[in-house]
Structure formats: C-alpha cells, structure tokens
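Reviewing the structure listed below.
A short reminder: the numbers here are calculations on the coordinates, not readings from a lab. All of these numbers come straight from a predicted model, not from anything done at the bench. Note that each Cβ is placed from the backbone with ideal geometry, even for glycine, and that neighbours are counted across all protein chains shown.
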Amino acid sequence: MESEKEGWTLVVKPQTKWFDLNLKDLWSYRDLIMLFVKRDFVSVYKQTILGPLWYIIQPILTAITYSIIFGSMAQLSTAGLPKLLFYLSGITMWNYFSECLNKTSNTFISNAHIFGKVYFPRLTVPLSIILSNLFTFLFQFSLFLILLLYYYFTRTDIHPNRYLFLLPLLIIIMAGIGLGVGVIISSLTTKYRDLRFLIAFGVQLLMFATPVIYPLSVVMGKKRLLILANPITSLVETFRMGFTGAGIDDFNWMYLAYSFCFMAIVLIIGVIMFNKVEKSFMDTV
C-alpha cells in the first residue's frame, strides 16, 4: 500500500462498517485518556476555596438532608440501619452512576471544539469521564467506610459480609451502564438537542425508582417488579447489603445477572452508535 511505502505509522480513514470499531486504538491513546482524566479532575474545583473537599461535603449534606426529610419527617424505613449510614450507602453508589451518565451524554456537544481540530479516538473522552468519576467515588466511598466503622464499633446491628467483595463487579457494571446509556444519548443529541434537557430531569426521576432513599424490602407487588426492572436497583442493594448486612434476605444472583446483561447490551449498542455518529457529527453539531 502507498501508506506503507511512505512509512506512515497511522492512517486515518472514514469508517464505513457498523462493527469497524478499532478499539485497539484506545490502548494506543491511553496516555491521552489519562490527560483527559487529569483535566476533568482539576477543572471541576479549580479556583474554588475548598477544592476537593467538595467531594466529601456534598454527600454529607445530602445524607443529612435525606435523614431529616425522608427519615424523620416522612419516616421512611432505613432497614434498621442508622439514617446517615443508610442514605450515604445509596448516595455513594448513585452519585457515581448519575455523574457518569450525565457527563458522557454531553460528549459530542461539550468537546466539539476539540473533535473538529485534531484526530484521536473519540471514545477516549467518555472513557476518561468514567475514570475521573472513579476518583470521586473513592473519596465518597472512603467517607462511607469511616462512618461504617464508627457504627460497627458502637452498635451491634451492622454486619459486613462476604458480599462486600462484589464491589469491583458492582462498579464495573455501574460504569458500563453509565457509559453505554451516556454514549447512546450523546449520539442522539447531535441531531436532537432537546435530549440534553431531558437527561438531567430523567436521572433525577430515576433516582426515585432506585432504592436510594428507601430499602427494596418495603416495596411489594407490581411496584417491586417495576423497581427491579431498574438495573441500578440490584447494584445499590448489593452494595448496602454487603457492607451492612441490611436486606440480605432480598439478595438474588439473578438480579445481578440481569444488571450485567443489561450493561453488556447497552454498552455494545452505545459503542456502535457512537462509532457510527463520530464520522459525521461535525455536520450536525
């Protein structure tokens, strides 16, 4: 080929097949992914007074608010757990998913100024968002562990168990769902801008269909099936059950299997759509 004769190491050409994903390019651009991760991490709280402390302040204030409104005033069940611990366990997992979904859904529009100037695998941007949000999750998870240890040594109803070792799997599934759904929406927003306004509202509504402010055990009948149809439900419940022992009677491996299958399907569809749209999105953004 002419490119081989001239000694080129990279040939940029239009993609014409749905399954021509070139995922191996992501590994070649791993340094760029880490640069994007650093950019995302630094830019969020740059020129703020408290800086990264907001990673901790936000979930604390949210947990306190939920404790007052849903725990004390509405008197919703917390499955026998201390209110702060119960709500923080749900917030920690939910925040990671919602941030991944919200930010990846704006990939094309937010980065159009970069995409139009230089070539690199576009999928590096949403992947960097997933990784940078992982740092936020680690901050909030550390806060959750501190509170968990406090209650573990001061109460007798906290029972961490072997299911806590499922945490890496839970994170992978949650990240996969957030990435898959996010890039699907991002691909659609290149033509349908209204989706940008609907996604934030939709994520807020989805939280109420997830056992963040209530345990799954209080939901019965057809409403329970509706809540279980949400693939994030089993992830939040398993996280809470593994570290506190609450809701262990409701645990079912089939729920996790459903979430994993959902993740695999939306991730495949999302990557294919994203790959197809990236070659022509500059004409519509």
Exercise. Among the numbered conditions (1) surrounded by 21 or more Cβ atoms within 10 Å (Cβ to Cβ); (2) more than 22 Å from Tyr255 (Cα to Cα), tell me where Leu149 comes up short.
Key: (1)
Quiz item: How many residues does segment 211-234 contain that are among the β-branched types (Val, Ile, Thr) and under 15 Å from Gly80 (Cα atoms)?
Solution: 3
Quiz item: If you check Ser187 against the conditions, is it over 30 Å from Thr78 (Cα atoms), crowded, with 19+ Cβ neighbours inside 10 Å and in contact (Cβ under 8 Å) with a residue 12 or more places away in the chain?
Solution: yes
Exercise. State which residue pairs qualify: first residue more than 9 Å from Phe243 (Cα to Cα) and inside segment 150-164, second residue hydrophobic (A, V, I, L, M, F, W, C) and outside any loop (DSSP other than H, G, I, E, B) in any location, beta carbons under 8 Å apart, and separation of 6 or more residues or different chains.
Key: Tyr151/Leu85
Quiz item: Counting just the residues of segment 221-278 that are touching an Asp or Glu at 6+ places or on another chain (Cβ under 7 Å) and either crowded, with 20+ Cβ neighbours inside 10 Å or of a type outside the set (Asp, Glu) (or both), which one comes out farthest from Ile109 (Cα to Cα)?
Solution: Gly247
